[in-house]
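Values quoted throughout were computed directly from the atomic coordinates according to the rules given, and no laboratory measurement underlies them. These numbers were taken from a predicted model, which means no experiment stands behind them. Ideal geometry is used to build each Cβ from the backbone, glycine not excepted, and the neighbour counts take in all protein chains shown.
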Amino acid sequence: MKICSGFLKTKKASVLMTALMFMGCGIMGSSKPNIVLIIIDTLRADHLGCYGYDRETSPVLDSLAEEGVLFSRCQAQAPWTLPAHATIWTGLTVVSHQARRSGTDTHGVDISLPSIATILKGEGYVTLGFVNIFLLNGDFGFDNGFDHYSWYPVGDGRAEESVSEILQWFDDNRGNPSPKLVVLHLYDVHSPYDPPASFDSLFSPVGTRGVTDWDALEGGIIHNRQDRDHLVNLYDGEIAWVDSQLGRLFAGLRERGVTDNSLIIVTSDHGEEFLEHGRIGHGQSLYQELIHVPLIISGNDIPAGLIDTITAGQFDILPTIAGYVGVTLPEGVEGVDLFLPHDPDRPIPSSGLWPGKCFLNEIEGFETIASVLSGRMKGIVNFTTGYEIMHDLAKDPLELYELPLDTVLLRNIETYWATPPVANPPGVFNEGIEESLEGLGYI
Ligand SMILES: [Zn+2]
């Protein structure tokens, strides 16, 4: 694979851009490409082979990366499901779209915001959503703009069924000439780590025996290396299982002609901590194990086998899709089209906006945190405690050595934090949500 920083520095990309300028429209002209966006919940980038992992967890995604562009430095805009998906849907940062927990209310995505589904539906797309967690259901606005939207409350272990649902839809709708948007969210990699037979023992000699449930994790009984390694073994088994199902999906879409003209994007909403900074799970910090997410883009006219080291964010996904399709973006979208020139040092913000969790283990309570990555430097500010740190990710990718926060980076974080919201999603409360969030370890 070739390594570059900024897609447009490649020869193929320059040719592509020249063609775009002369066409004055999207890559495919009148024949709009199908868009397949896959979000694998809780998948940290560094546990994929194509991101340098030493286990063979992801042969299918590795092949996809060989056929397209792998963005090696993509940041999640939030360390948990709801706000990260709102960012992917809208191309906005968390402080702008305001998807969050507030007291006992949960605020989803504001349906007045243009989103990937509403924008592409307006362009004549058939829009299809398949999601596997209640946080992405219609109560929280995520179904807005979708012609077909199926969701499951907690779809752990449903990767096979979700893939079958998609292929069945294409079988039932043969001959439909409209371009399709397919958004697939898979939950299997999320805890509990209980991969199906054969995948459970792929990396774990004792299979799923032992600590596998979230309550046990929260109980703090894995604060030793052996238990931690056991969980990682099972987590990796889940990744391999999902990867195999993506192989089924890609083969099925290919058989049905869907991928003859398509853009395939694979990412995740956030990663997972395994005691790197003292905690297990996600939602509670902004370290890289939680916000470094995969981003692989493959499609017609996309160069093959490129690793792009430029910084990117989930908020770039919508603008990049829009650029590929040839749609003018609504005003206010904060991400950029990754296939157009942009500042390699632009600040990439992330934040929790979730009272009750914090990035320092020993502090519990109502705290708010934000981070910005700019070039190689990353700053984190805890606005509640005033604690500020910085890491040089080039020298210290594991964020083990805290540096004093640079004033420019601090200003970037403060500017991000002061960004006026552009949306006001309604708060939703019911006891079922509270119980479900508690069951997932979120509250
Ligand atoms: Zn998630």
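Any idea how far apart ASP343 and ARG55 come out in nm if each label point goes 7 Å out from Cα toward Cβ?
4.0
Search the structure for amide H atoms under 5 Å from the amide H of THR42, placed 1.01 Å from N in the peptide plane, and list their residues when 5 or more places away or on another chain.
For THR42, the qualifying residues are ASP269, HIS270.
Give the long-range amide H neighbours of PHE142: residues separated by 5 or more places, or on another chain, with amide H under 5 Å away, using H modelled in the peptide plane at 1.01 Å from N.
VAL109
Relative to the present Cα-Cα distance, how much length would full extension add between GLU402 and ASN424 at 0.36 nm per residue of separation? Can you show the working numbers first?
Values: separation 22, 0.36 × 22 = 7.92 nm, distance 3.56 nm.
Stretched out fully, the GLU402 to ASN424 stretch lengthens by 4.4 nm.
Mind listing the phi-derived Karplus ³J(HN,Hα) values for segment 77-93, rounded to whole Hz, using 6.51, -1.76 and 1.60 with θ = phi - 60°, and x for any glycine or proline?
8, 7, x, 8, 4, 4, x, 5, 5, 4, 5, 4, 5, 10, x, 10, 6
If we count other beta carbons within 10 Å of each Cβ, what is the order of ILE3, ILE348, fewest first? Intermediate results must be reported in sequence, preceding the final value.
Working: ILE3 10, ILE348 27.
Fewest-to-most Cβ neighbours within 10 Å comes out as ILE3, ILE348.
Once you place label points 7 Å from the Cα toward the Cβ at SER164 and ASP260, how far apart are they in nm?
2.8
Quick query: amide H of TYR387 versus all other amide H atoms, modeled in the peptide plane; which residues come in under 5 Å with a sequence gap of 5 or more or a different chain?
Hits under the 5 Å cutoff: ASN382.
Where does each of MET1, MET377 land when they are ranked from fewest to most other beta-carbon atoms within 10 angstrom?
Placing the least packed residue first, the sequence is MET1, MET377.
Just from its helices, what would the mean residue ellipticity at 222 nm be for the chain, if runs of 4 or more DSSP H residues each count -39500 (n - 2.57) and the sum is divided by every residue, rounded to the nearest 500 deg cm²/dmol?
Helix-only estimate at 222 nm: -8500 deg cm²/dmol.
In nanometres, what is the gap between the two model label sites at SER112 and GLU67, each 7 Å from Cα along Cα-to-Cβ?
Those two pseudo-labels are separated by 4.2 nm.
Classify the chain: rounded, prolate or oblate, from the alpha-carbon gyration tensor (a ≥ b ≥ c, eigenvalue square roots; a/c under 1.5 rounded; otherwise prolate if a/b is larger than b/c)? Mind dumping the intermediate values first?
On the way: a/c = 1.35, a/b = 1.18, b/c = 1.14.
Since a/c stays below 1.5, the shape of the chain is classed as rounded.
First select every other residue whose beta carbon is under 9 angstrom from the beta carbon of GLN245; then total the charges, Lys and Arg +1, Asp and Glu -1.
Working: positive: ARG248; negative: GLU160, ASP188, ASP243.
Summing Lys/Arg as +1 and Asp/Glu as -1 gives -2.
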